[in-house]
Amino acid sequence: MNEKRHVVVTGGAGYIGSLLTAHLLRLGYRVTVLDNLLFGGESLLTFFSHPDFHFAKTDVTEQRSLRDSLPRQWPKPEAVFHLAGIVGFPACQAIGRQAAWRYNVEAVKNIYEQAAGLGVKQFLFASTYSVYGLSSDGMPLTESSPLNPQSLYAETKIAAEEVLRATSGPAPMIFRLATLYGLSPRTRFDLIVNQFVLDAYTRRELLIYQRGYSRSFIHVLDVVRGLMLGLDAPEEKVRGQVYNLGSAEGNYTKDQIVALIIKRLPEIIVQYKDLTFGGDVRDITVSFEKIRRELGFNTTLTVDDGVRELVSALKTGLIRNPYDERYRNANFIVQ
């Protein structure tokens, strides 16, 4: 019988990580999850009886966090999905530059070097398309476009990408994610689509800032599908490659998102306020042609699907305390 493939997911209790873990186990992988459980580990409970699941509570900044977390009876991992980090410019600003750099840059280097020492073949890293800033000519930004960070968060992600490209070790594959939405075992409600649905359902009103805001959005399940494409991609499409992860079909304005919510919650009141937030660029136009062409990636879910499932989860009581801190800005070491 062939030996099962072993992969590691850092930040595996989080929004993306918990869903990715479920997907990997379903496909027959052995999965080791590293997480410090700062926001709880309920998202992992259903996996604990699975014979191919191993969990280690650890901090990814610790020198031997990866090495000391692996089960001895399993073969060495062939790939690491590095999702742990401080996510978003408000969280990075709140915790400060030194801490943000430690968890978003130094921790990446730490885990990558440990992975190299273990003979890991692939290192799949979750970055963000916020690294681009605004397009100078109005054209969609590609993976080769100049980077223009407008926030501390974007700065840390660029620095982490540079670490991976400059250090010898596992083949690094960098995914610059569009803005996420949708349900997962550890749903977040500090993301624009999810937060709008939550406020509309619980408060029966929406207060909209920066009405002209537009970005590309992607369902968390489609993110998992995109990350999985990296595991079996040929070497030339992996080592040092950068992929914008999203699709042109995911481009929405705030008004379009509000319209989708009103379709399912028609009784809500919508108010608009002119206020600009500093520290992050809100309008980003990005090309997702490379990942479609090179890896055959296409999204399967729309923002309307995300609104539908979120409204259903709230109405049926599947999520009972959505304003709990665990659901908001909950990616400090648990993306």
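Values in this text are rule-based calculations from the coordinates and carry no lab data. None of the values given here were measured: they were computed from a predicted structure. FYI the Cβ positions are ideal-geometry reconstructions off the backbone, even for glycines, and counts take in every protein chain you see.
Tabulated data for the structure shown
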quantity: Under 5 Å, built H, 5+ apart or other chain: amide partners of R5; calculated: R30
quantity: Normalised contact order of the chain, rounded percent, pairs of Cα under 8 Å and 6 or more residues apart; calculated: 24
quantity: Calculated Rg/Rh (Cα atoms, Kirkwood Rh) (choose from (1) 1.23; (2) 1.13; (3) 0.95), label; calculated: (3)
quantity: Considering only the chain, percent of DSSP beta bridges that pair antiparallel, nearest 5; calculated: 5
quantity: Listed residue (V193, Y129, P75) projecting farthest to the positive dipole end of the chain, Cβ model; calculated: P75
quantity: Region 164-299: antiparallel DSSP beta bridges as a percent of all, rounded to 5; calculated: 20
quantity: Dipole of the chain, positive end: most advanced residue of A259, G246, T46 [Cβ charges, Cα centre]; calculated: T46
quantity: Value of [θ]222 nm, deg cm²/dmol, for the chain, DSSP H segments ≥ 4, -39500 (n - 2.57) each, nearest 500; calculated: -9000 deg cm²/dmol
quantity: Selection of trypsin sites (Lys or Arg not before Pro), region 203-276, meeting DSSP coil and at most 11 other Cβ within 10 Å; calculated: R204
quantity: Set K157/K237; K4/K109; K4/K157; K254/K290; K76/K237 screened for pairs whose C-alpha atoms are more than 29 Å apart; calculated: K4/K157
quantity: Rounded Å value of the spacing that divides the Cα centres of region 58-97 and region 169-212; calculated: 22
quantity: Positive-end residue, the chain charge dipole about Cα centroid, Cβ charges, pick of Y153, L206, T58; calculated: T58
